[in-house]
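Bear in mind that the values in this text are calculations on the coordinates, not laboratory data. Small disclaimer: the values here were computed from a predicted structure and weren't measured. Neighbour counts are summed over all protein chains in view; Cβ atoms, including those assigned to glycine, are modelled from backbone coordinates with ideal geometry.
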Amino acid sequence: MRKRRSYTKAFKAEAVRLLGQSGKPAAELARELGIRRNQLYKWCEQITAHGEQAFPGSGRPPEPSNEAARLRRDLARVTEERDILKKAVAFFTKGSA
């Protein structure tokens, strides 16, 4: 199993800048930098989407997605609780009729 390589925020930003300004094909630039071409494209997408907030480090997603993930978990929990209560009400109303 190979160890996962990590790159600094500055390296990623420079790689994206070179892709845009060097005029070299992405595959050639990726070979020169020792990275995969797809990784270079992924970094471009992240910089385009998040700007200065791209590449927060330590594998953590940017803060807004943490909040969104927490809200999704809360919504799933509340929805499950609601469904359980609906089933309980239906069960007890059938039994009393």
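Kirkwood Rh, the chain, all Cα pairs: how many Å?
On the way: mean 1/r = 0.0577 Å⁻¹.
Hydrodynamic radius (Kirkwood, Cα pairs) of the chain is 17.3 Å.
Within the chain, what's the longest run with no trypsin sites (Lys or Arg not before Pro) in a DSSP loop and at most 10 other beta-carbon atoms within 10 Å? Give the range, please.
Numbers: sites that count: 2, 3, 4, 5.
The longest such stretch corresponds to 6-97.
Each label point was placed 7 Å from the Cα along the Cα-to-Cβ direction; for residue 76 and residue 8 their separation is 3.8 nm. Straight-distance candidates among the aspartates and glutamates for linking to residue 24, with alpha-carbon spacing under 17 Å and chain neighbours fewer than 8 residues away dropped: 14, 32.
Judged by the ratio a/c of the largest to the smallest principal axis of the C-alpha gyration tensor, the range 1-57 counts as oblate, that ratio being 1.5 or greater while a/b is no larger than b/c. Shown is the FRET efficiency for residue 45 and residue 87, computed with R0 = 35 Å from the Cβ-Cβ distance and rounded to the nearest 0.05: 0.20.
Cβ crowding within 10 Å, taken as a proxy for footprinting-reagent exposure, orders 55, 91 from fewest neighbours to most as 91, 55.
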